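The values are calculated or read from the model by the stated rules, or taken from the named source; none is laboratory data. Bear in mind that the values here come from a model prediction, so they are computed numbers and not experimental data. We place every Cβ from the backbone using ideal geometry, glycine too, and count neighbours over all the protein chains shown. Note: accessible area is taken over every heavy atom of the protein model, side chains too, but ligands, DNA and RNA are not part of it. Shrake-Rupley method; radii C 1.70, N 1.55, O 1.52, S 1.80 Å.
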Amino acid sequence: MARAVPPTRPTSELPAIDEIRAAQDRFITFWGEMGTRWGVQRSMAEVHALLFIVGEPLAAEEIMERLGISRGSVSTTLKQLVEWGLVQRVRSKDRTDRREYHSAEQDVWKLFYTILRARKRREFDPLVDELGGCRVAQHGNRRSEKHKQHDQRIDELLELCRFFDGLANTISKSGRGIERATRILSRVLGGPK
């Protein structure tokens with residue numbers, strides 16, 4: 001009895017596939033390095049980079065194999081990426097495939113805003129909340145010049161933070177507002193169009 005031979009790709013496609021995979025691997029490595037500079041775990045940045053650059057949903061097993069990381073690491077990382085809103089769970093169209101797939105946001109502006117919003121929530125909002133408590137405690141009207149200078153610095157930081165918080169909230173309400181605002185600002189400042 002003859003065994004079934006798996007279909008093979010035409011040899012003309014193989015160099016192109018290898019070239020694409022090498023370019024994807026360079027991107028994944030770069031994104032992982034950048035992630036660590038931004039305070040994100042390398043594995044989280046690399047999983048996100050893989051899902052973004054391949055542009056199609058992948059199962060955990062495929063991510064493990066491609067990146068050479070453990071099932072536990074992939075599972076934890078995917079959970080975090082879903083919480084950040086950078087990755088979505090997707091079901092296979094094949095009803096017999098019970099695996100869970102994940103895909104990354106492909107719109108770079110939505111991706112940028114999602115990262116910005118998550119970082120704002122985790123880093124910027126607590127900063128604003130804590131700055132108010134950094135003012136010198138008031139003891140009647142007897143405040144020295146040093147007290148006033150200290151509080152003025154804190155108040156100026158708070159004002160700046162609140163300005164950018166309001167700007168971010170205004171831009172985010174208009175959907176593609178951040179893209180439009182960035183392009184307008186770039187034109188005003190003489191940058192690329």
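Descriptive notes on the structure:
- Spin-label model distance (nm) - C134 vs L160, 7 Å beyond Cα toward Cβ: 1.0
- Extending 7 Å from the Cα toward the beta-carbon at both Q41 and R91 defines two label points whose distance is 2.9 nm.
- Fully extending the segment from E123 to R99 would add 5.2 nm, taking 0.36 nm per residue of separation and subtracting the current Cα-Cα distance.
- Accessible area, probe 1.4 Å, largest first, for residues D97, D129: D129, D97
- If the segment from R153 to M34 were pulled out straight at 0.36 nm per residue, it would be longer than the present Cα-Cα gap by 39.6 nm.
- Net length gained if the chain between K79 and I184 were fully extended (0.36 nm per residue, minus Cα distance): 34.2 nm
- Those residues of the stretch 84-119 whose amide nitrogen sits under 14 Å from the label point placed on R71, 7 Å along Cα→Cβ: 99-100
- Whole-angstrom Cα spans of the stretch 93-160 along principal axes, big to small: 76, 23, 11
- Within the stretch 69-97: backbone nitrogen closer than 13 Å to the A59 label point (7 Å, Cα to C-beta): 91-97
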